[in-house]
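Colleague: Take a look at the following structure, please.
The values are calculated or read from the model by the stated rules, or taken from the named source; none is laboratory data. Computed from a prediction, not measured in an experiment: that's the story for all the values here. Glycine gets a Cβ as well: all are built from the backbone with ideal geometry, and neighbour counts include every protein chain shown. Heavy atoms of the whole protein, side chains included, go into the accessibility calculation; ligands, DNA and RNA do not. Shrake-Rupley method; radii C 1.70, N 1.55, O 1.52, S 1.80 Å.
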Amino acid sequence: MTANRYPHLMTPLDLGFTTLKNRVLMGSMHTNLEEQPGGFDKLAAFYAARARGGVGLIVTGGISPNAEGVVFAGAAKMDDEGELPHHRIVTDAVHAAGGKICIQLLHAGRYAAIKDAVAPSAIRAPISKVVPRELSDAEVEKQIDDYARAARLAQQAGYDGVELMGSEGYLINQFLAARTNQRNDRWGGSYENRMRFPLEVIRRVRERVGDEFILIYRLSMLDLVEEGSNWDEVVTLAKAVEQAGVNIINTGIGWHEARVPTIASSVPRAAFTGVTAKLKAEVGVPVITCNRINTPEVGEQAIASGQADMISMARPFLADPEFVAKAAAGRADEINTCIGCNQGCLDHVFVGKLTTCLVNPQACREDEPEIAPAVEPRRIAVVGAGPAGMMVAAVAAERGHRVTLFDSRTCLGGEFEIAARIPGKEEFYETLRYYEKRFETAGVEVRLGQTATRDSLLAEGYDDVVVATGVRPWTPPIPGVENARYLDYLDVLEQGKPVGRRVAIIGAGPIGFDVAEFLTESDEHVHQGKEGFMAEWGVDASFETRGSLVAPRPVPAVDRKVYMLEVRDIKVGSELSKTTGWIHREVLKKRGVEMWGGVTFTQVDSDRVALVHRGEAKELAVDTLIVCAGQRARADLAEELEGSGIRVHRVGAARDARGMDAKLAFAAGLELAKSL
Ligand code: SF4
């Protein structure tokens, strides 16, 4: 691999008054550091690491131009000079690291989770509890002035420019769409009137900041909601915002209330780049494409093919701050790839938790001391190559220990690798590729297909043994189960044991969902590509219709009836990931999977499940019974080694299986490795 493998991606972009060193933008992401005491120091370290990593331009998380536009009570805003010192810390750090940074101004409008939310019209969003108050004409004027004031303050704080958040269903988008704008004054009615708000914002911002300040407009190219914009309106707006003085148009895909997945793992890579390409033909300013671009190859292709002038990636920079530097140096195989899971980032942000990253637990902790070399290098055996074990092995070796990693399976990843087999989770394999390379670089001796025993470990004379042996499936005490023939999730997903056409899955947690999706997947789903994905979710592939919505393609027939049965009296799937759980529920619903919570089992046999569901006795005839009701730590090796003289460390699920997942396991592995 050579340094010029991505020549288009690495070409500078000349904006006239300033030049970006390459075509990679770090897209806006809220981290929740913005609201923490001392958070701006941490943010400065966070952004500076990405600037050092070579990204061409950074856009901050959304900052409101005033108090009424905050996403939640207490969220960051830029509305007076008192804010400047915090932001100065960030801009100075980024500039010192050789980078450039824009602030994103985001007014949430009716999405603001505050009691005084405002909007063009008093229409509640389906994802919000608050009915917003309709802005008066004078108040609309005030919002525009507030944007201009915030942009000027940002300039004083040292930012290189501003991105105006005009998509995703926030205030600017709310003015544009008839769905949310039912005014009949000069801000509503005709499209020309509905466009007045964004155009006035751009005009007044430009007036306040002058010509030599980057102005990006994030334009909703696909609203993916009813009564959203159609293509003619998108083009009309794009031409008008160009005319009004923006330097770059960024792509926005889908309102938050849209029921089309836009960034989940199951969305094909660069699924929506076609719409950027279509708009690029209509305007003269550079356009940025985004959504599900997570490798330099995909980014290079988007630019080389003329579909876009720049790419934006947000989450991939949480996963790896050095994404660009590694690509530029011909080391793309060392990139820790974002797998699109949302588990450490968006799922955290939406519940007020600090952002992290499932594959990079160090994200948002860049201000912490660097991991120090080991004081006294030792010989360490790590047993189990799941997330916790892989992380321990890599970091311990990088610290100078001599590490051997064992796994009885013939591949890396443990249960993480098994999850990668679920259609839609193929990105997980990128993490395994990353660790394979990392082990090679760090000199970890990897012994797959080898079961490490107490005796073999003692015979080899290790100083420490890390037991990262994960979990084993657990069967709950259900009447009859002890005499029934049943499978567990490993039988189905790993062993590929035959499964009949009538299936009952006992347990509807994340693994139950994985198994149900696996069993109801058709070839048509698996090999559908971008066009098939759009047809499945009802996206107009020509991007012409209003909201770019059409009737979804009929679901391919599923030759299997699956029941998911959950003892806990919950809405089945409600505990899945906040941002992607709805996708899994929706997919299974379309495939006719029955999801029952609050079930009491009265008797299970190999071919029959008797139960009470919501007070009603039912009996299901089944061909296959599958138990996915939980797991227990697999830590026998640790017990066997007690008292042997070797230092033994348990990590991940082998230490505590309760609530354990890949995100916590990677994080636990890191903490243990630092302490060895
Ligand atoms: Fe990507 Fe998942 Fe990390 Fe978020 S948590 S940045 S989606 S890998």
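Colleague: Could you look through the range 364-385, keep only residues that are touching a residue at least 60 places away in the same chain (Cβ under 8 Å) and acidic (Asp, Glu), and pick out the one that is nearest to PRO37 (Cα to Cα)?
Modeller: For the range 364-385, the residue satisfying everything is ASP367.
Colleague: Now for a different question. Regarding GLU536, is this residue at pLDDT 90 or above and among the acidic types (Asp, Glu)?
Modeller: So GLU536 fits the description; yes.
Colleague: Let me ask you something else. When the range 606-632 is examined, which residues are found to be among the hydrophobic types (A, V, I, L, M, F, W, C), without any contact (Cβ under 8 Å) to a residue 60 or more places away in the chain and surrounded by 15 or more Cβ atoms within 10 Å (Cβ to Cβ)?
Modeller: Answer for the range 606-632, where residues must be among the hydrophobic types (A, V, I, L, M, F, W, C), without any contact (Cβ under 8 Å) to a residue 60 or more places away in the chain and surrounded by 15 or more Cβ atoms within 10 Å (Cβ to Cβ): ALA610, LEU611.
Yes/no per residue for (1) at pLDDT 95 or above; (2) not hydroxyl-bearing (Ser, Thr, Tyr):
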position: CYS102; (1), (2): yes, yes
position: LEU106; (1), (2): yes, yes
position: SER121; (1), (2): yes, no
position: VAL130; (1), (2): no, yes
position: GLU141; (1), (2): yes, yes
position: ALA148; (1), (2): yes, yes
position: GLN155; (1), (2): yes, yes
position: ASN173; (1), (2): yes, yes
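Colleague: Next question, about the same structure. Could you tell me whether ARG365 is among the basic types (Lys, Arg), away from the ligand (no atom under 15 Å from the Cβ), more than 17 Å from GLY652 (Cα to Cα) and not assigned by TED's automatic domain parsing to the domain that holds ALA113? Show your work before the answer.
Modeller: Details: among the basic types (Lys, Arg): yes; away from the ligand (no atom under 15 Å from the Cβ): no; more than 17 Å from GLY652 (Cα to Cα): yes; not assigned by TED's automatic domain parsing to the domain that holds ALA113: yes.
Spelling it out, it is not the case that ARG365 is among the basic types (Lys, Arg), away from the ligand (no atom under 15 Å from the Cβ), more than 17 Å from GLY652 (Cα to Cα) and not assigned by TED's automatic domain parsing to the domain that holds ALA113.
Colleague: When you go through VAL324, VAL403 one by one, which is the residue that is away from the ligand (no atom under 14 Å from the Cβ), outside the structural domain of MET29 (by TED's automatic domain parsing) and β-branched (Val, Ile, Thr)?
Modeller: None of the others qualify; the one that does is VAL403.
Colleague: A further question follows. Quick one: would you say PHE350 is touching a residue at least 24 places away in the same chain (Cβ under 8 Å) and within 16 Å of the ligand (Cβ to nearest atom)?
Modeller: yes
Colleague: Next question, about the same structure. Within the range 267-278, does at least one residue satisfy the condition of being touching a helix residue (DSSP H, G or I) at 6+ places or on another chain (Cβ under 6 Å), open to solvent by 20 Å² or more (accessible area, probe 1.4 Å), farther than 28 Å from THR180 by Cα and within 16 Å of the ligand (Cβ to nearest atom)?
Modeller: Taking the range 267-278 and keeping what is touching a helix residue (DSSP H, G or I) at 6+ places or on another chain (Cβ under 6 Å), we get 268-271, 273.
Now drop any that are not open to solvent by 20 Å² or more (accessible area, probe 1.4 Å), which leaves 268-269.
Still in the running and farther than 28 Å from THR180 by Cα: 268-269.
Filter once more, so that each one left must be within 16 Å of the ligand (Cβ to nearest atom): 268-269.
Yes, that holds for at least one residue.
Colleague: Could you grab me the full set of residues in the range 580-605 that are out of contact with any strand residue (DSSP E or B) (no Cβ under 6 Å at 6 or more places or on another chain), in contact (Cβ under 8 Å) with a residue 40 or more places away in the chain, more than 26 Å from ALA557 (Cα to Cα) and open to solvent by less than 30 Å² (accessible area, probe 1.4 Å)?
Modeller: VAL604
Colleague: Residue by residue through the range 205-222, note down the ones that are of a type in the set (Lys, Arg) and surrounded by fewer than 20 Cβ atoms within 10 Å (Cβ to Cβ).
Modeller: Result: ARG206, ARG208.
Colleague: Now for a separate question. Within the range 593-649, how many residues are over 19 Å from PRO510 (Cβ atoms) and in a strand (DSSP E or B)?
Modeller: So the count comes out to 23.
Colleague: Taking only the range 178-224 into account, find how many residues are free of Cβ contacts under 8 Å to residues at least 60 places away in the same chain, of a type in the set (A, V, I, L, M, F, W, C) and over 20 Å from VAL246 (Cα atoms).
Modeller: Of the residues in the range 178-224, 1 are free of Cβ contacts under 8 Å to residues at least 60 places away in the same chain, of a type in the set (A, V, I, L, M, F, W, C) and over 20 Å from VAL246 (Cα atoms).
Colleague: Let me ask something else. Going by the structure shown, is THR579 farther than 19 Å from GLY389 by Cα and either in a loop (DSSP other than H, G, I, E, B) or not assigned by TED's automatic domain parsing to the domain that holds ILE511 (or both)?
Modeller: Yes: the conditions hold for THR579.
So that you can scan it fast, the table gives a plain yes or no per residue for (1) touching a residue at least 40 places away in the same chain (Cβ under 8 Å); (2) more than 24 Å from GLU368 (Cα to Cα); (3) within 22 Å of the chain's Cα centre (by Cα):
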residue: THR19; (1), (2), (3): no, yes, no
residue: SER28; (1), (2), (3): yes, no, yes
residue: TYR47; (1), (2), (3): yes, no, yes
residue: GLY56; (1), (2), (3): yes, yes, yes
residue: GLU83; (1), (2), (3): yes, yes, no
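Colleague: Out of the residues in the range 208-253 that are among the charged types (D, E, K, R) and part of a helix (DSSP H, G or I), which is farthest from GLU163 (Cα to Cα)?
Modeller: ASP232
Colleague: Taking GLN174 as meeting all but one of (1) surrounded by fewer than 24 Cβ atoms within 10 Å (Cβ to Cβ); (2) part of a helix (DSSP H, G or I); (3) polar (S, T, N, Q), write down the number of the exception.
Modeller: GLN174 satisfies every listed condition except (1).
Colleague: Can you confirm whether ASP309 is farther than 16 Å from TYR434 by Cα and away from the ligand (no atom under 12 Å from the Cβ)?
Modeller: yes
Colleague: Could you list, in sequence order, the residues of the range 330-371 that are assigned to a loop (DSSP other than H, G, I, E, B), small (Gly, Ala, Ser) and either closer than 20 Å to GLU575 by Cα or touching a Pro at 6+ places or on another chain (Cβ under 6 Å) (or both)?
Modeller: If the condition is that a residue be assigned to a loop (DSSP other than H, G, I, E, B), small (Gly, Ala, Ser) and either closer than 20 Å to GLU575 by Cα or touching a Pro at 6+ places or on another chain (Cβ under 6 Å) (or both), then GLY340, GLY344, GLY352 are the ones that fit.
Colleague: Can you spot a residue in the range 283-295 that is touching a Lys or Arg at 6+ places or on another chain (Cβ under 7 Å), within 16 Å of the ligand (Cβ to nearest atom), more than 30 Å from ARG196 (Cβ to Cβ) and free of Cβ contacts under 8 Å to residues at least 60 places away in the same chain?
Modeller: Yes: the range 283-295 contains one or more residues that are touching a Lys or Arg at 6+ places or on another chain (Cβ under 7 Å), within 16 Å of the ligand (Cβ to nearest atom), more than 30 Å from ARG196 (Cβ to Cβ) and free of Cβ contacts under 8 Å to residues at least 60 places away in the same chain.
Colleague: Residues of the range 289-321 being open to solvent by 10 Å² or more (accessible area, probe 1.4 Å), small (Gly, Ala, Ser) and assigned to a loop (DSSP other than H, G, I, E, B), which ones?
Modeller: Selection gives SER305, GLY306, ALA314.
Per-residue answers, yes or no, for (1) crowded, with 21+ Cβ neighbours inside 10 Å; (2) assigned to a loop (DSSP other than H, G, I, E, B):
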site: HIS107; (1), (2): yes, yes
site: SER128; (1), (2): no, yes
site: TYR147; (1), (2): yes, no
site: GLY158; (1), (2): no, yes
site: VAL162; (1), (2): yes, no
site: THR180; (1), (2): yes, yes
